[in-house]
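The values are calculated or read from the model by the stated rules, or taken from the named source; none is laboratory data. Because the structure is a prediction, the values reported are computed rather than measured. Neighbour counts are summed over all protein chains in view; Cβ atoms, including those assigned to glycine, are modelled from backbone coordinates with ideal geometry.
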Amino acid sequence: MEFTSYTEYSSQNVMAVILKSLPRESGLSRVEYEGPSIAIYTKNPKYLFERPQIVSNIVNSVHKRIVIRTDESIRSTESESILLINKTFPKDVKIVELFFDDAIGEVFLYVDKPWLLNNTFNYTSELLEQIGWKTNFKKASKDMKIINTINTILKNSVDERIRFYKKVGERIFRTKLDSAVEASLIALGGFAELGRSSFLLSTHESKIIVDCGINQFATETITKFPRFDIVGSNMDEIDAVILSHSHLGHSGFLPSLFKFGYDGPVYCTEPNIPMTYLLCENLLETNNDNLLFTKYNLEQLVNHTFPLNFGVVTDISPDIKLSLHNSGHILGSSSVHLHIGNGDHNILYSGDLKFGKSNLLDNAFWNFPRIETLIIEGTHGIKDDTYPQRHEYEQTFIDTVNSALNNDGIILIPVDELGISQELLFLINKCIFDGIIKKTKVSVDSSIVKFSSLYEIYNEYLSKDLREANPKIDLFFLDHVVTKEKEIMNDDKGIILTSSKFKEPNSLKLLKAIIKNEKNTLIFPRYYNLHTLLYDIQTGNGPIINDRKIKVNCKVVTMPGFTNHSDYNQLMAYIRRLRPKLKRILVNHGERQKVQNMASFISKFYSIHTQHPLITESVKLL
């Protein structure tokens, strides 16, 4: 990934260069804006796909994203295409789901054994020639319901999306109105606090919102939602929203933007679309009285989102380019790199950062060619926030589990549905598979299964080691793993991986039964928030369940090493590793004392101007 200075083309000149560069054999039918890309529609797509240098040369000339689309006239009907696909496919590969997206002329096939498709011939190329649709293959997983939901929303809005894509493109590729280059940032949430992460980046040409979360534990509106009341901008003045990842502290207010009139694009990696939908849908079902969006707004969010791959440079306004890079936090989580003007200023927003390899994800990306301003999280911003090495806390976990199983007890692990739950389920399965933990039944909450399935479907976002491993090995759903729709206590022994929310009567019944029995073990993979049920247990207080204080007889073990954030040493190592000479660092996403401490240390140790802005504070960047 490299940003370089270059001469700007007008939108008319860009189109002229494209038309001039395409030979007659390409079968060009039209060129159109498609959001942040320029779409080349062709009646002979095979010609361009087999000669990628043609498009590559155009991209190098105009410095814009180019996509090849098949002309509608050469696309077979869906029923004809399905017949041809089934006729072509190997008998031992099962198509679990398929989705034809008429808006972009692509078909998505979710299959049980995608690795077998590479052993005979190039199915993508062959099917393109036969059916006229560009074909994409993904691995099907245990739970496909959310994928069906997302695809149904997209299917029901084809005409609307085509119009939207064109409108966004016209806004992005318009001529600049002002040659002056300035940039400033307003902290809307998540600065000197946890939750409701959001800031507004403004230039003469653009207004960009980066993250748009909520504080789930706040009781008042002024501390629960981002402070858009101080911005003074109408929603139609916002050019784009960028989502670093789907946790509600970063995404929970996004649907509300559409409620208040936002009608622009949202940029994130593809896994964040279904994950954000699931998290916000659950929020809607459990907190309907305290939210500012509807199910329709969630569907608007899906239809307005442009998925981006890591490392792809994308225009999102006339003077800002975006690229997303792995932040190592959860599946598809991103650090956000923004390039302002013609090489005038580069901003890196770390998002939630894990600068250390986990079982499922690679270490956060750090090799950026240019950064002038770094915005980094300070969740673990004091020296006491250091944790054991991964092999140490994993061994402690293994020993604790084996001890509990040998004691003929049940192990209950309350965990957030997305992130550490997948790390733990993978670790448990790997240890059972390798014989390190004796084989036992592993009961998994259905909400965790939904997100774990997405890790399998979007496996291209997993670590390099896993991508290169045997694709036939199931990451999460081995034969000893069962799904619990409702957490009901029974006589089965083993491990129960459950949601940490404990809001349903059955989940409270389970927790009560576990903590009463001294043979059982309760494992906490993190510290829990003040005034919560799990916090009371963790701090040695008897929890109150159904208005009764319950004595805790089971063994309680806390293992804070299981975090998908960087500890203090990792944050410092990340800053040290960055290659560019930073001019400014802003510390956000952390308790006030922690971001103050971290900003002070960075300023003294690295001699870099470092601030810890407060909510509603403005910072001039350029």
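Within the range 176-193, the residues that satisfy the criterion of being modelled with pLDDT of 85 or more and hydrophobic (A, V, I, L, M, F, W, C) are VAL181, ALA183, LEU185, ILE186, ALA187, LEU188, PHE191, ALA192.
One line per residue, one yes/no per condition, for (1) buried (at least 16 other Cβ atoms within 10 Å of the Cβ); (2) at pLDDT 95 or above; (3) within 26 Å of LEU279 (Cβ to Cβ):
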site: ALA404; (1), (2), (3): yes, no, no
site: ASN407; (1), (2), (3): no, no, no
site: ILE410; (1), (2), (3): yes, no, no
site: PRO414; (1), (2), (3): yes, no, yes
site: LEU418; (1), (2), (3): yes, yes, yes
site: GLU423; (1), (2), (3): yes, yes, yes
site: PHE426; (1), (2), (3): yes, yes, yes
site: PHE433; (1), (2), (3): no, no, no
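Restricting attention to the range 304-326 and to residues that are polar (S, T, N, Q) and crowded, with 17+ Cβ neighbours inside 10 Å, the residue that is farthest from the chain's Cα centre (by Cα) turns out to be SER317. Among strands (runs of 3 or more DSSP E) entirely within the range 13-108, having at least 1 residues that are among the hydroxyl-bearing types (Ser, Thr, Tyr) singles out 28-34, 37-42, 65-70. Taking PHE368 as the residue in question, decide whether it is under 23 Å from ARG579 (Cβ atoms), in contact with a helix residue (DSSP H, G or I) (Cβ under 6 Å, 6 or more places away or on another chain), buried (at least 19 other Cβ atoms within 10 Å of the Cβ) and touching a residue at least 24 places away in the same chain (Cβ under 8 Å). Answer is no for this residue. Here SER256 passes the criteria (1) surrounded by fewer than 22 Cβ atoms within 10 Å (Cβ to Cβ); (2) without any contact (Cβ under 8 Å) to a residue 40 or more places away in the chain except the one numbered (2). Flag: ARG51 does not match the condition of being at pLDDT 95 or above and outside the structural domain of GLN130 (by TED's automatic domain parsing). Being within 26 Å of the chain's Cα centre (by Cα) and hydroxyl-bearing (Ser, Thr, Tyr) is the filter; apply it to the range 563-615 and report the residue that is surrounded by the fewest Cβ atoms within 10 Å (Cβ to Cβ). Selected residue: TYR568.
Scoring LYS167 on the criteria (1) free of Cβ contacts under 8 Å to residues at least 12 places away in the same chain; (2) within 30 Å of PRO613 (Cα to Cα) leaves a single failure, condition (2). Considering only the range 215-227, I want to know if a residue exists there that is assigned to a loop (DSSP other than H, G, I, E, B), among the small types (Gly, Ala, Ser) and within 28 Å of HIS565 (Cβ to Cβ). The answer is yes; a qualifying residue exists.
Selection of the range 62-94 for residues being within 33 Å of the chain's Cα centre (by Cα), surrounded by fewer than 16 Cβ atoms within 10 Å (Cβ to Cβ) and over 18 Å from THR135 (Cα atoms) yields only ASP92.
The rows are residues; the columns are (1) free of Cβ contacts under 8 Å to residues at least 40 places away in the same chain; (2) surrounded by 14 or more Cβ atoms within 10 Å (Cβ to Cβ); (3) polar (S, T, N, Q); (4) in contact with an Asp or Glu (Cβ under 8 Å, 6 or more places away or on another chain).
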| residue | (1), (2), (3), (4) |
| --- | --- |
| ILE457 | no, yes, no, no |
| LEU466 | no, yes, no, no |
| ASN470 | yes, no, yes, no |
| ILE496 | no, yes, no, yes |
| SER499 | no, yes, yes, yes |
| PRO505 | yes, no, no, no |
| LEU534 | no, yes, no, no |
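Can you tell which of TYR528, TYR455 is touching a Phe, Trp or Tyr at 6+ places or on another chain (Cβ under 9 Å) and within 30 Å of PHE310 (Cα to Cα)?
TYR455
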